[in-house]
Structure formats: C-alpha cells, structure tokens
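What follows is a set of notes on a single structure, which appears directly below.
The values are calculated or read from the model by the stated rules, or taken from the named source; none is laboratory data. Note that the coordinates shown come from a computational prediction; the quantities given were computed from them, not determined experimentally. Here Cβ is always computed from backbone atoms with ideal geometry, including for glycine, and neighbour counts include all displayed protein chains. These accessible areas exclude ligands, DNA and RNA; they are computed on the full protein's heavy atoms, side chains included. Shrake-Rupley method; radii C 1.70, N 1.55, O 1.52, S 1.80 Å.
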Amino acid sequence: MTAVTFRPKKIRVVAVPGAIAVAALFTAMSFGLSGNAGFQDSRMTFQRGDQIALIGLGILLGLGILAFCRPRIVADDEGVHVRNLVGGYDLPWSVVRAVRFDRNSAWAHLELHDDEQVPIHALQAVDKDYAVDGVRTLRALHSAASAA
C-alpha cells in the first residue's frame, strides 16, 4: 500500500488569513510611526528602522500563526511518521498498541506498548469526518501490520 498523509483542514482556513491580516496590520501601523516618540517635549523621533522593525515583527508573528499548519501524519505498511507543532516521531507499527481518538479529546493519539501516548495534531476533532476517516485508515494500517 502507498503512504497516506493527513494534515489538519480547518486550522488552515483560520491560520492563513489570520497570518496575512497580522502582517498587513503591522505593516499599516508602521506607516503611522512618525514624529515624536512619546511626550511633546521629547527629542526622540521614529526613524525608518523603527518602521522596518515593526513590519518584520508582523511577518514573524504571521509565521508563528502559520506554524499551526505544520502538523502532518504519514503512514504506510511499515510505520508512521508524526509531525506535531513541536517535534516529531518515526515509529514502526510494532511499537504501537492502538490508534485512539477519545470522545472528549481534541486530537487523536497513538498508544504505545510502554504505556506512552503520542499525540497526533494532524487529526483534530474540529475536522470531524476527515479526522474520523484518518483514524480509521490508521487503524486499518495498524491491524494489517499487526497481522503480518
């Protein structure tokens, strides 16, 4: 079987426009930086570097928002590769006891034989049927690997 890949869906609908909006807002605010920096009798004034720094800050914040689009899970007959917001895991199916998606859980997770749990941020509860299909696919791959 070929590898299957799952990524969160609804977070992209929020994160991409949000990141663009934040970068645009900080860019627009940078054009408002002019004149005195503070009180009337202050000798400090905003410079071009201050405007560039504010634009750069907006871009960095936008990239931080886009990090929520990073989660991904790739699985095949051999094992599973989980990439979450921070960090990732490469696991063979032999160390996985079960693929779980509990009723009140925000995302699915892999239950390992040593009683550890690996979260799967790519299969989120807000994605509903897409996440359920992903969990079913992972369970089918896991059971096929366990039977072999």
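Using protein chains only and a probe of 1.4 angstrom, how many square angstrom of residue 129 are accessible, to the nearest 10?
Looks like 120 Å² after rounding.
Taking the simple approach of a point 7 Å from Cα along Cα-to-Cβ for both residue 105 and residue 148, what is their distance in nm?
2.4
For a quick check of your reading of the filter: which GluC sites (Glu not before Pro) in the stretch 38-117 sit in a DSSP loop and have no more than 15 other Cβ atoms within 10 Å? Kindly include the intermediate steps, with their values, before the conclusion.
Values: sites: 78, 111, 116; in loops: 78, 116.
Of the GluC sites (Glu not before Pro), the ones in loops of the stretch 38-117 whose Cβ has at most 15 other Cβ atoms within 10 Å are 78, 116.
Given the options 135, 106, 121, identify the residue whose Cα lies farthest towards the positive end of the charge dipole of the stretch 97-146 (+1 on Cβ of Lys, Arg; -1 on Cβ of Asp, Glu).
So the residue we want is 135.
Give the angle, between 0 and 90 degrees and rounded to the nearest 10, that separates the Cα long axis of helix 48-66 from the longest principal axis of the Cα atoms of the chain.
Taking the Cα atoms of the chain, the angle to 48-66 is about 20 degrees.
Using only DSSP helix segments of four residues or longer, with each worth -39500 (n - 2.57), what per-residue ellipticity at 222 nm results for the chain after dividing by its residue count and rounding to 500? If you can, show how the numbers build up before the last one.
Numbers: 3 runs with 60 residues, N = 148.
Rounded to the nearest 500, the figure is -14000 deg cm²/dmol.
Under the rule a/c < 1.5 gives rounded, and otherwise a/b versus b/c splits prolate from oblate, where does the stretch 96-148 land using the Cα gyration tensor?
Details: a/c = 2.76, a/b = 1.35, b/c = 2.04.
It is oblate, given that a/c is not under 1.5 and a/b is not larger than b/c.
For residue 27 and residue 47 in one chain, what is 0.36 nm times their gap in residues minus the Cα-Cα distance, to one decimal in nm?
On the way: separation 20, 0.36 × 20 = 7.20 nm, distance 1.47 nm.
Contour length minus Cα-Cα distance gives 5.7 nm.
Taking the 0 to 90 degree range and rounding to the nearest ten, how far is the long axis of helix 129-147 tilted relative to the main principal axis of the chain, both from C-alpha atoms?
The angle comes out at about 40 degrees.
Which residues does the label zone of residue 4 cover in the stretch 106-148, counting backbone N under 11 Å from a point 7 Å along Cα→Cβ?
Counting backbone N atoms under 11 Å from the label point, the list is 131-144.
In the stretch 90-126, which trypsin sites (Lys or Arg not before Pro) are in a loop and have at most 11 other Cβ atoms within 10 Å, using DSSP for the loop call? Please report the intermediate quantities before stating the final value.
Numbers: sites: 97, 100, 103; in loops: 103.
Sites meeting the loop and neighbour criteria: 103.
On full extension of the chain, what length is gained from residue 78 through residue 12, given 0.36 nm per residue of separation minus the C-alpha to C-alpha distance?
Numbers: separation 66, 0.36 × 66 = 23.76 nm, distance 2.90 nm.
Net length gain for the segment: 20.9 nm.
If you place +1 on the Cβ of every Lys and Arg, -1 on the Cβ of every Asp and Glu, and leave all else neutral, what size is the dipole of the stretch 1-119 about its Cα centre, to the nearest 20 Debye? Let's see the in-between values first.
Values: 12 positive and 11 negative charges, 125 e Å.
With only Lys, Arg, Asp and Glu charged at Cβ, the dipole is about 600 debye.
Sort all Cα-Cα distances of the chain into consecutive 5 angstrom bins from zero, then give the percent of pairs in each bin up to the one containing the longest distance.
2, 9, 15, 15, 12, 9, 7, 7, 6, 5, 5, 4, 2, 1, 0, 0
Remind me, relative contact order of the chain in percent, using alpha carbon pairs under 8 angstrom and six or more residues apart? Spell out each step's value before the answer.
Numbers: 240 pairs, mean separation 33.9, N = 148.
Relative contact order, the chain: 23 percent.
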